[in-house]
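Here's the structure, in structure tokens; my notes come after.
The values are calculated or read from the model by the stated rules, or taken from the named source; none is laboratory data. Computed from a prediction, not measured in an experiment: that's the story for all the values here. Neighbour counts run over all protein chains shown; Cβ positions are idealised from the backbone, glycine included. Just the protein is used for accessible areas: all its heavy atoms, side chains included, with ligands, DNA and RNA removed. Shrake-Rupley method; radii C 1.70, N 1.55, O 1.52, S 1.80 Å.
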Amino acid sequence: MAASPGLGLRPLRAWIPLTRCAHTAAPEPSPAKTISFCPPADSKNDWIGPPDRHSNLRPVRYFIPKDESKLERKLRALREETQAWNQRFWANQNLTFHQEKEEFIIERLNSLGLGERDEEGRKRTLNAEEMATFYRDFLSKNFERHARYNREWYKRNFTITFLMGKVTLLRAWKKLAWKKQEEGR
């Protein structure tokens with residue numbers, strides 16, 4: 001496959017769109033933004049896109065084989081749903097983090113009698129010790145939320161890994177049965 005020199009495209013871990021291409025089927029969760037690139041119709045690989053600006057996660061375009069089994073479809077659906085769930089969580093978490101961080105900085109600067117900008121118009125910042133207070137408080141305040149996220153993340157990943165194992169065994173079994181059939185001819 002020829003890759004576009006400016007985009008550095010590669011199969012199995014490359015650029016992908018966040019919208020469904022005309023040559024792919026199955027609907028997908030609506031993303032936060034769209035990119036116009038579409039993997040080639042003849043691609044037989046998963047594709048990975050650039051980091052989302054809100055969640056910092058890289059979206060994945062999963063390859064859909066023409067002869068996809070029910071088990072493979074179930075696995076792909078769970079992976080896509082988990083990706084969308086993960087995207088929502090981190091986009092929301094990062095938004096909350098940045099909003100609360102800005103509020104903390106403004107509040108702290110106001111308590112010191114300082115404006116948001118210095119005399120030269122540059123945005124004022126706080127030193128590492130002052131910011132450490134914010135980071136500690138933010139993590140403490142969100143501890144339960146992160147714990148729930150981690151429990152769900154491990155549960156989903158265990159299920160995905162289990163299904164991947166079943167798919168791999170099913171594919172190996174089909175390949176062995178096909179080879180046996182060929183030998184019997």
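With respect to Glu144, is the statement that it is farther than 30 Å from Phe63 by Cα, more than 29 Å from the chain's Cα centre (by Cα) and either surrounded by fewer than 11 Cβ atoms within 10 Å (Cβ to Cβ) or polar (S, T, N, Q) (or both) true? Against the criterion (farther than 30 Å from Phe63 by Cα, more than 29 Å from the chain's Cα centre (by Cα) and either surrounded by fewer than 11 Cβ atoms within 10 Å (Cβ to Cβ) or polar (S, T, N, Q) (or both)), Glu144 does not qualify. The single condition among (1) assigned to a helix (DSSP H, G or I); (2) farther than 26 Å from Cys38 by Cα; (3) open to solvent by less than 80 Å² (accessible area, probe 1.4 Å); (4) in contact (Cβ under 8 Å) with a residue 12 or more places away in the chain that Leu126 does not satisfy is (1).
Please indicate, with yes or no, whether at least one residue in the range 41-64 is outside any loop (DSSP other than H, G, I, E, B), open to solvent by 50 Å² or more (accessible area, probe 1.4 Å) and either of a type in the set (Asp, Glu) or closer than 21 Å to Trp153 by Cβ (or both). No - not one qualifying residue is present in the range 41-64.
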